[in-house]
Amino acid sequence: MVSSFYFMKTLLHRRHMLLSEFSGAKIDSLLITSPANWYYMTGFTGESGALVVSRKVSTLITDGRFAAQSRAEVSGVRIVQQKGSLFESVGQFLKDTRFRRVGFDPTQVTVGQLHSLRRAAGPRVRWVPTPGKVESLRMRKDAAELAQMRLAGNLASEVVQSAIKLLKPGIREFEVGAEIEYQMRKRGASGPAFETIVAFGERSALPHARPTAKRLRKNELVVLDLGAILGHYCSDITRTVYVGRAPKRVQTWYPDLVPGGFGGSEGGDRSGKKRRGLRGCRWCGERSPGGLSSRSFLYSQHGPWAWTRSARRSQGGAGAEKALGAGKRNHD
């Protein structure tokens, strides 16, 4: 857990880094309306608000529901309680200040919202499209962020292993999906990073299959694709499992993925023969699920997206692992 002092110091540094971009963008303030971005800049976790960053002082505008929460979470930022709608309040605040060139992200402000802002702020405020300024900072992760992403990844790995144990003939897709999300929260996640994917049999060929009432049958492929939000950072992991004794046709897919992510030699070759001496995965240290003669096995792949796409094509939907971390959708 990062100390409060270190976190506040980090937030201040982030705001200073953002301010250094103002001259090049020719703005004197920047309006931030994305919850992930205002959390990255202030630590505020409320559901509604807007942040105005300027050289003199940064201001968080939010409604009365989050007044106490914002005071508890935010330091070094002025808090203004909105009156009326959010964007009318932001516009009025800007009208009362001396800001004249206000940056905004056109990918995050709708036409209707911009109209409200212009009407409330008046003609003296010029709105300057300034996309991606906070996102460009978020792309560079510090040590604390990387550590949090690893924790989120480890949590997802634990959850998927517990879900694999449930894969017995007769269980339904949505039962597995419900258990996955329960296990996430039980381990400390605030929720799933995206809608959990559980797909049995022919449905494993669907890229984004929502869980249904389909029951698992013996000798079927299963795709589990899930992610957890832990400490505002997301993980994403995919596993493909064969339930039953894998036929030779399925066995030949396995070694196509092993060389990309695992060192050593255990697993199987194209003839289906067992091999020994596997080391752990070079990215996460995870070990192979075992030889192909076991009653179930996994495909694991940490490699580039090209491997994942080719794996899906060659396996008819059998997924490969994606080890990704990002800020809260952050899903970064």
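Within the range 193-205, does at least one residue satisfy the condition of being touching a strand residue (DSSP E or B) at 6+ places or on another chain (Cβ under 9 Å) and within 30 Å of L18 (Cβ to Cβ)? Checked the range 193-205: at least one residue is touching a strand residue (DSSP E or B) at 6+ places or on another chain (Cβ under 9 Å) and within 30 Å of L18 (Cβ to Cβ). Only one residue in M8, M17 is modelled with pLDDT under 95, under 27 Å from the mean Cα position of the chain (by Cα) and surrounded by 14 or more Cβ atoms within 10 Å (Cβ to Cβ), so which one is that? Criteria check complete, one pass: M8. Would you be able to say whether some residue in the range 128-147 is in contact with a Cys (Cβ under 7 Å, 6 or more places away or on another chain) and closer than 30 Å to Q183 by Cα? No, the range 128-147 contains no residue that is in contact with a Cys (Cβ under 7 Å, 6 or more places away or on another chain) and closer than 30 Å to Q183 by Cα. Of the residues R55, R71, only one is free of Cβ contacts under 8 Å to residues at least 40 places away in the same chain, under 29 Å from the mean Cα position of the chain (by Cα), within 29 Å of K9 (Cα to Cα) and surrounded by fewer than 16 Cβ atoms within 10 Å (Cβ to Cβ); which? That would be R71, the only listed residue that is free of Cβ contacts under 8 Å to residues at least 40 places away in the same chain, under 29 Å from the mean Cα position of the chain (by Cα), within 29 Å of K9 (Cα to Cα) and surrounded by fewer than 16 Cβ atoms within 10 Å (Cβ to Cβ). Scanning the range 225-244 for residues that are more than 16 Å from I164 (Cβ to Cβ) and of a type outside the set (G, A, S) turns up I229, L230, H232, Y233, C234, D236.
Counting only residues that are part of a loop (DSSP other than H, G, I, E, B) and touching a strand residue (DSSP E or B) at 6+ places or on another chain (Cβ under 9 Å), which one in the range 88-106 is surrounded by the most Cβ atoms within 10 Å (Cβ to Cβ)? Result: F99.
Farther than 20 Å from L114 by Cβ, in contact with an Asp or Glu (Cβ under 9 Å, 6 or more places away or on another chain) and in a helix (DSSP H, G or I): does that describe T45?
no
Of all the residues in the range 23-53, those that are touching a Leu at 6+ places or on another chain (Cβ under 8 Å) and of a type in the set (D, E) number 0. Among the residues of the range 7-29, is there at least one that is in a strand (DSSP E or B) and at negative phi? Yes, the range 7-29 contains at least one residue that is in a strand (DSSP E or B) and at negative phi. Of all residues in the range 200-219, those satisfying the criterion of being more than 21 Å from the chain's Cα centre (by Cα) and either outside the structural domain of Q148 (by TED's automatic domain parsing) or crowded, with 20+ Cβ neighbours inside 10 Å (or both) are F200, R203, S204, L216. For the range 107-133, taking the residues that are charged (D, E, K, R) and surrounded by fewer than 18 Cβ atoms within 10 Å (Cβ to Cβ), the one that is farthest from the chain's Cα centre (by Cα) is identified as R124.
Would you confirm whether or not the range 175-198 contains a residue that is part of a strand (DSSP E or B), at pLDDT 95 or above, aliphatic (A, V, I, L, M) and assigned by TED's automatic domain parsing to the domain that holds T33? Taking every residue of the range 175-198 in turn, none turns out to be part of a strand (DSSP E or B), at pLDDT 95 or above, aliphatic (A, V, I, L, M) and assigned by TED's automatic domain parsing to the domain that holds T33. Going by the structure shown, is V134 in a helix (DSSP H, G or I) and in the same structural domain as E220 (by TED's automatic domain parsing)? Judged against the criteria, V134 is not a match. Listed by first and then second residue, the pairs linking a residue in the range 158-169 that is touching a residue at least 40 places away in the same chain (Cβ under 8 Å) and loosely packed, with under 14 Cβ neighbours inside 10 Å to a residue that is part of a loop (DSSP other than H, G, I, E, B) and of a type in the set (A, V, I, L, M, F, W, C), with Cβ atoms under 6 Å apart and 6 or more places separating them unless they lie on different chains, are P169/L216.
The values are calculated or read from the model by the stated rules, or taken from the named source; none is laboratory data. Since the model is a prediction, treat every value here as computed from it, not as a measurement. Cβ atoms come from the backbone with ideal geometry, glycine included; neighbour counts cover every protein chain shown.
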